[in-house]
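Heads up: the structure comes next, in structure tokens.
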Amino acid sequence: MLRKKLMTFSVTMALTVSLLAGCTDGNQKTTLEDTTKIVQVTKVDGTTITADVGELTSDQKDISGGTPPDGMPSGGADGKAPDGGTPPEGMLSDGADGKAADGGVPPEKKESRNSNGLDKNVPSGDLKENGEPPFGKLGGSRFTANGEAITFTITDSTQIIQEFQQGSEEAAVEDIVKNSVLEITFDSENQPVKVLIKNLQAGKGFGGSDEVTNGTSANTITEEKTVNGENYTSDGDDENALRVDGTDATLKNITVKKNKGNSSNTENGDFYGQNAGLLVLNGSTTTIEGGTFQTNAVNGNAVFSYGEGTTVNISDATIRTTQNNSGGIQTTGGATMNATNLDVQTEGNSAAAIRSDRGGGTVKVVKGKYVTNGTGSPAIYCTGDISVEEATLLANASEGVVVEGKNSVSLKNCDITGNMNNTYNGDSDENIHCIMIYQSMSGDAAVGEADFAAEGGSITSKAGDLFYITNTDCTISLKDVKLTLANDIFLRVEGNSSSRGWGTDGSNGGDVTLTADSQKIEGNILVDNISLLKLSMSDGTSYKGSINPDGTGGEVEVTLDNDSTWTLTGDSYITGFHGDTSNIDTNGYHLYVKDEQIK
């Protein structure tokens, strides 16, 4: 699910609360002063909510059959060395601790990693032959009731926020549904001042069903046919305007309008196509030529391809969505989406133009323009294999591209722009960036190595770092791409606070292999002490920047061929260098390898 909601706000509401202990009657009041309650909703009656009181406990799920040793991190970078267990020749297993004064030798660095590349404070356990840990875990929490109940009526004036894996966003009473888990804060006068709709991760955040839940449809095609110029509409809750189910169809110049209709469950909409404009499923191959797709409902994904064996081929269509969780083209459950020359624009939060979610799939896009305007709405959000050629991709309030988990994005001759304008509206200290590669540990994407490749075209960041990698392994390949930075950071590889469940704080860095071919790069590279970078520059690549200029960081190995150059813009500290140092222009600065000044 695109928890990739990055906005929070304040809606003022007040709540009148009546607490009911398990054996008390509805008139008994309980005094609450400066307390927080965790509850699960059992009934919604207009603005009156009844819920069980309880607590949250850890609910991690082992996804690969192994048991981690005590202290082993439950997610994020797997800690392996770049070559699968043993650091390559010329690299150290420790990190720089500080730079030299007046050009001298820096002080001795503190060792931070063992021979497997793991933090020395974390036992390595029994690794697989390829150096990976024999297990993986998905984050998550479980609500347990304690026998107490609470009833409250919304009147006016309290903050209501809906929490997602990667941020939060504005919410309303309508977003509180049966089985929602809430964190309610009361002031000293026993009035609730804040209601947080919790995301419990691993598919449990909003009561998402483990069973496929597609909702209903106002119009359904179940027999092979070709239609031309038809209009399909929907105003119903959890209802598609059009569904193609288990048969092949050709749709020419159709109009699909999802005018309204509530979504009872955000994750069911994100995963299974509930409330989408057009939903194609159950092995159908549907060809769409031209047409218009418009939605004005939460979970109003315009064109949704769901399930293995399902294929949507869509060309020359216009797509507009206005509400949250409403992507342009959405692919989940192992389906396929082939799109050519689309005009896509989304307005809501968590509404990527090209979007995949749980179960992923294969998405191929050629030409067209793909624009988003909401927060948490990158032009591409990837939990599958997505390739895009000769397209314009513009995110006006979000990252340009996000890749989650063991998945891939490949761009060829595309122009992509990201403008992530805040760190989740101030509710997080996480990074601002244009392209993010990470693992959320939510269960929506397999744990493993991500891939990002771009050839030709351009990548423009209007805010923050160009690349940000955290809590995952990944490869990045760049060839002849025009790069425009918003600040002086080209690449940041580092751990995160884990406040959003992205691994374990202190062991959720990144492991990156970056290959630059015929590429011009400017900007600094920062790699923290729980992260790794292998940087290879070839075929006339030029790099102007510094690496870990403050003298601290993780393992960084640089390979520079005879046709490529590196111009320093500050002192740089790495742990391995391969190439001819005559191709390095120090520009008045110094290069340190394993604490020794070599240039």
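Say the cut-off is 21 Å between C-alpha atoms; which of Lys198/Lys258; Lys544/Lys599; Lys462/Lys482 go over it? As for pairs spanning more than 21 Å Cα to Cα, those are Lys198/Lys258.
Does the range 293-366 come out rounded, prolate or oblate by the C-alpha gyration tensor, with a ≥ b ≥ c the root eigenvalues, rounded set by a/c under 1.5 and, if not, prolate when a/b is larger than b/c and oblate if not? In terms of gyration-tensor shape, oblate. For Ala450, the amide hydrogen comes within under 5 Å of the amide hydrogens of Asn407, Asp473, Cys474, Thr475, counting only partners 5 or more places away or on other chains and with H modelled in the peptide plane.
From the alpha carbon centroid of the range 388-459 to that of the range 460-526 is 10 Å. Taking every alpha-carbon pair under 8 Å whose residues sit at least 6 apart, the range 321-388 reaches a relative contact order of 35 percent. Close amide H contacts of Thr559 (hydrogens built in the peptide plane, cut-off under 5 Å, sequence separation of 5 or more or a different chain): Leu535, Ser536, Met537, His578.
Of the solvent-accessible surface of the range 293-412, computed with a 1.4 Å probe over protein heavy atoms with every protein chain present, carbon and sulfur atoms account for 39 percent.
Between Thr153 and Glu223, residue separation times 0.36 nm minus the direct Cα-Cα distance comes to 20.4 nm. Counting DSSP beta bridges in the range 456-599, what percent are antiparallel, to the nearest 5? Percentage antiparallel, nearest 5: 5. Please find the FRET efficiency linking Asn259 to Lys369, where r is the Cβ-Cβ separation and R0 is fixed at 22 Å, and quote it to the nearest 0.05. FRET efficiency, Asn259 to Lys369: 0.35.
Could you state the accessible area per residue of the range 313-361 in Å², with a 1.4 Å probe and every protein chain left in place? Per-residue accessible area for the range 313-361 comes out at 22 Å².
Only Lys, Arg, Asp and Glu carry charge here, each on its Cβ (+1 for the first two, -1 for the last two); on that basis the range 450-554 has a dipole of about 240 debye about its Cα centre. Packing around the peptides 244-255, 339-350, 491-502, taken as the average count of other Cβ atoms within 10 Å per residue, puts them in this order, highest first: 339-350, 491-502, 244-255.
Over 25 Å apart at the Cα level, from the set Lys367/Lys534; Lys364/Lys479; Lys406/Lys594; Lys534/Lys594; Lys194/Lys257, are Lys367/Lys534; Lys406/Lys594; Lys194/Lys257.
For the range 531-539, backbone phi angles converted through the Karplus equation (6.51, -1.76, 1.60; θ = phi - 60°) give residue-by-residue couplings of 10, 9, 9, 10, 10, 10, 10, 8, 6 Hz, Gly and Pro being listed as x. Computed from label points 7 Å out along Cα-Cβ, the spacing between Leu56 and Lys412 is 4.4 nm.
Label zone of Glu174 (point 7 Å out along Cα→Cβ, amide N under 20 Å): in the range 260-278 this covers 260-271, 273-278. For the range 436-532, the solvent-accessible area works out to 29 Å² per residue, with a probe of 1.4 Å and every protein chain left in place. Tell me the carbon and sulfur percent of the accessible area for the range 543-599, rounded to whole percent, probe radius 1.4 Å. Summing carbon and sulfur atoms, their accessible area is 39 percent of the total for the range 543-599.
The values are calculated or read from the model by the stated rules, or taken from the named source; none is laboratory data. All values reported here derive from a predicted model rather than from experimental measurement. Cβ atoms come from the backbone with ideal geometry, glycine included; neighbour counts cover every protein chain shown. Remember, those area values only see protein heavy atoms, side chains included, never the ligands or the DNA or RNA. Shrake-Rupley method; radii C 1.70, N 1.55, O 1.52, S 1.80 Å.
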